[in-house]
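Trainee: Right, I'll just put the structure down here and ask away after.
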Amino acid sequence: MRLCDIATFIKSANAGASILTFDIGLPTADAMERVRKSEVINAELIARLYPVRRQDVRIYYYLPSLVIKISIPRPGGNGGLDERDFDGVQQFAPLLTIDVPDLVQAS
Amino acid sequence: MQCPHVVACDAGSADFGPFYLGSGRMQKAKGTLKRDLRLLLSGALGAGVPFIAGSAGGAGSAPHLAATVDLVREIGAELGQSFRMATITADLPKALLKSRLREGRLRPLGEVEPLTENRIDNLTAVVGMMGAEPYIEALERAADVIIAGRSTDPAIFAAVPLLMGADPGLAWHAAKCVDKGSLATTRPQEGSPVLARIHDDDFTVEPTRGSSECTVATVAGITLHENADPFHVAQPGGVINTEQAVYTQLDQRRVRVRGSRYDPAAPSIKVEGAELVGFRVILIAGVRDPRLIERFEEFLDAYRGRMLKVAQSFGFGPDDYRLEVRVYGKDAVMGAFETVQAHDAHELGLVVDLVGRTEAIASTLGSRLGPTGSRLDITGKLGGGGNFAYPFSPSVIPVGPVYQWGAWHLMDVEPAELRSLFAVDVQEIRAA
């Protein structure tokens with residue numbers, strides 16, 4: 001199963017000029033707990049999907065809103081010469097097809 | 001509904017990028033800004049409640065503050081109102097920044113380019129994000145209206161409850177919950193303002209529009225929004241800590257929060273500075289020849305090489321311009337983040353992006369972008385035709401000055417500087 005099949009939403013945004021942050025919404029606390037327990041979303045995976053160092057990846061499980069948050073450094077800062085996506089909103093595509101094993105299928 | 005103790009508005013953000021800070025231009029058009037300010041001012045003044053706007057004009061530096069104050073005077077005269085207005089400046093002196101840099105007390109926030117004294121000199125504008133202290137001073141000086149430069153978002157809202165003796169954890173977290181307005185509701189497009197009521201042990205959040213709703217997910221979700229860490233929000237004097245916050249749905253549209261903390265920390269001010277990089281022109285063109293698309297990297301190399309020769313013919317060197325071809329259909333959106341290797345688009349959209357050190361360089365080289373690229377025969381089958389499909393004439397479009405963040409740093413300060421760095425000026429506005 002792909003992450004985009006179980007997530008209620010997946011988005012990206014700038015968190016200030018030097019950080020890119022991703023929010024993955026899940027439908028239930030149970031689904032979130034199963035994803036958390038599976039450790040599918042981990043720093044190594046993110047460092048493979050994006051050209052960042054493992055130690056620069058931050059992952060948070062935010063239960064009050066049922067959101068998994070991932071934050072990584074944003075090279076070059078926002079709004080500079082090389083800016084491609086001003087608000088950082090179209091950078092999440094590599095997360096969509098993360099393989100989520102059957103054990104995290106929402107019941 | 002009982003009157004609030006303050007009506008406040010976060011009028012700016014760094015998310016708009018460095019252009020507004022660098023150029024001094026207002027982020028919103030006068031018409032829309034005036035309409036909103038008028039609603040807010042007449043409402044607050046009519047209810048005898050202070051009105052506070054922070055990060056004025058979008059970027060919160062001197063020209064933005066001045067333009068906003070002009071609007072406030074205009075509106076005051078139209079409303080026939082007299083009031084005491086405080087303005088708070090956020091612009092920082094370059095001498096101070098240089099001296100902190102030398103002392104190692106001005107540190108980059110994330111992976112940003114190193115700051116030097118030379119770069120500080122070249123900043124076209126630089127501001128510090130004020131916390132609640134300058135607002136508290138303005139309130140102590142009996143201001144009815146406060147128009148302030150660059151601030152942290154929640155400081156704009158936390159000042160009044162802090163002055164009234166509210167628990168700092170509750171005051172700061174409540175301020176954070178309302179500083180994005182309708183984003184704390186389930187349907188932000190309804191544009192409902194949001195009201196926080198702060199008590200001894202908790203606070204509640206509700207929309208002021210009857211049809212809108214705040215839920216645990218939306219109120220708790222505020223610290224997710226454009227924030228790297230959902231449990232901590234740094235302020236100049238401390239950190240808003242929501243690790244232990246408990247959110248309860250009181251009814252269909254109201255949420256109660258308790259357990260929020262404010263952890264004092266060594267005082268620091270976030271510094272935002274903009275520098276002018278150059279002047280941009282763009283050329284928009286489509287490419288449809290599959291034989292050219294197949295060899296596009298080769299084409300781009302040749303194009304860049306040709307443009308270098310063209311530049312040299314004008315006496316320009318590689319430091320005088322920067323040429324970037326953004327290829328939509330390949331990697332324009334994600335750049336270095338792009339992982340898709342296979343490219344089988346039948347057409348490509350090009351934004352040829354030229355930034356010249358001066359406006360004249362941008363214009364001169366810009367005029368050569370089209371002919372140089374369109375006539376470049378990679379396949380040998382061009383036959384005198386063209387590579388570029390232009391949708392517009394003129395095909396080269398001037399975009400204007402380009403800025404980047406020259407400073408995106410954290411500056412250590414003394415506790416007293418949390419107030420003293422941000423000058424509060426109070427004046428009486430009298431109706432005619």
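Read-outs: derived from the displayed coordinates by stated rules, not from any lab. Please read these numbers as outputs of a predicted model, since none were measured by experiment. For neighbour counting, all protein chains shown are included, and Cβ atoms are generated from backbone atoms with ideal geometry for every residue, glycine included.
Trainee: Restricting things to Cα coordinates, could you compute the convex hull volume per residue of segment B:5-127 in Å³?
Mentor: Normalising the Cα hull of segment B:5-127 by residue number yields 126 Å³.
Trainee: Please give the calculated 222 nm ellipticity per residue for chain B, where each DSSP H segment of at least 4 residues contributes -39500 (n - 2.57) and the sum is spread over every residue; nearest 500 deg cm²/dmol?
Mentor: Working: 13 runs with 132 residues, N = 432.
Calculated mean residue ellipticity at 222 nm is -9000 deg cm²/dmol.
Trainee: Next question. If you average the C-alpha positions of segment B:8-52 and of segment B:268-338 separately, how far apart do those two centres end up, in angstrom?
Mentor: Result: 36 Å between the Cα centres.
Trainee: Still on this structure, I have one more. Suppose a student asked you for the relative contact order of chain B, using Cα pairs under 8 Å spaced at least 6 residues apart; what percent would you report?
Mentor: Computed value for chain B: 20 percent relative contact order.
Trainee: Based only on other Cβ atoms within 10 Å, what is the fewest-to-most ordering of B:T204, B:T87, B:T32, B:T242?
Mentor: Fewest-to-most ranking of B:T204, B:T87, B:T32, B:T242: B:T32, B:T204, B:T87, B:T242.
Trainee: With no solvent and one point per C-alpha, what does the Debye sum give as log10 I(q)/I(0) for segment A:1-99 at q = 0.11, 0.13, 0.24 Å⁻¹?
Mentor: -0.31, -0.44, -1.36
Trainee: If you don't mind, another one. Build a GNM of chain B with springs between Cα atoms under 10 Å: which of B:A274, B:A14, B:A416 gets the top mean-square fluctuation?
Mentor: For chain B, modelled as a Gaussian network with Cα springs under 10 Å, the answer is B:A416.
Trainee: By its C-alpha gyration tensor, with a ≥ b ≥ c as the square roots of the eigenvalues, how is the protein assembly as shown shaped: rounded for a/c under 1.5, else prolate for a/b larger than b/c, else oblate?
Mentor: Because a/c hits 1.5 or more and a/b fails to exceed b/c, the protein assembly as shown counts as oblate.
Trainee: Cut-off 10 angstrom, C-alpha nodes, Gaussian network model of chain B. Which of B:G131, B:G60, B:G43 fluctuates the most?
Mentor: Looking only at B:G131, B:G60, B:G43, the largest GNM fluctuation is found for B:G43.
Trainee: Residues of segment B:308-322 with amide nitrogen under 19 Å from the 7 Å Cα-to-Cβ point of A:E83?
Mentor: Hits in segment B:308-322 for A:E83 at 19 Å: B:322.
Trainee: Related question: Sorted from fewest to most neighbouring beta carbons within 10 Å, what does the list A:Y61, B:Y135 look like?
Mentor: A:Y61, B:Y135
Trainee: Hey, another quick one. Find out how many positive minus negative residues lie around B:W405, taking Lys and Arg as positive, Asp and Glu as negative, among other residues whose Cβ is under 10 Å from that of B:W405.
Mentor: -3
Trainee: Next question. Run the simple label-point estimate for A:R2 and B:S313 please: 7 Å along Cα→C-beta, distance reported in nm.
Mentor: Each label point lies 7 Å from its Cα, and together they span 4.8 nm.
Trainee: Can you give me the long-range amide H partners of B:R209? Hydrogens built in the peptide plane at 1.01 Å from N, cutoff under 5 Å, separation of 5 or more residues or another chain.
Mentor: Long-range HN contacts for B:R209: none found.
Trainee: Ratio of alpha-carbon Rg to the 2.2 N^0.38 Å globular estimate for segment B:276-431, to two decimals, please.
Mentor: Relative to the rule-of-thumb radius for its length, segment B:276-431 sits at 1.48.
Trainee: Just rank B:I120, B:I361, fewest to most, by other beta-carbon atoms within 10 angstrom.
Mentor: B:I361, B:I120
Trainee: Quick one: check the C-alpha center-to-center distance for segment A:46-83 versus segment B:68-132, whole angstrom.
Mentor: Each part's Cα centre sits 28 Å from the other's.
Trainee: Using only Cα atoms, find the angle between the long axis of helix A:29-38 and the longest principal axis of chain A, and express it within 0 to 90 degrees, rounded to the nearest 10.
Mentor: 80
Trainee: Further, regarding this structure: Please find, in a Gaussian network model of chain B (springs between Cα atoms separated by less than 10 Å), the residue of B:M334, B:M26, B:M307 whose mean-square fluctuation is greatest.
Mentor: B:M334
Trainee: Something else about it: Between A:K37 and A:L96, what is the label-to-label distance in nm when each label sits 7 Å out along the Cα-to-Cβ direction?
Mentor: Computed distance between label sites A:K37 and A:L96 equals 3.0 nm.
Trainee: Amide H to amide H, which residues 5 or more places from B:V399 or on other chains are under 5 Å from it, using H placed in the peptide plane?
Mentor: Here B:R280, B:V281, B:I282 satisfy the definition.
Trainee: Greater than 23 Å separation of Cα atoms is the criterion. Which listed pairs, A:K11/B:K28; B:K180/B:K270; A:K37/A:K69; A:K11/B:K30; A:K69/B:K180; A:K69/B:K330, meet it?
Mentor: A:K11/B:K28; A:K11/B:K30; A:K69/B:K330
Trainee: Next up: Which residues in segment B:391-412 place their backbone N less than 15 Å from a point set 7 Å from the Cα of B:Y328 along the Cα-to-Cβ direction?
Mentor: Residues passing the 15 Å test: B:391-392, B:397.
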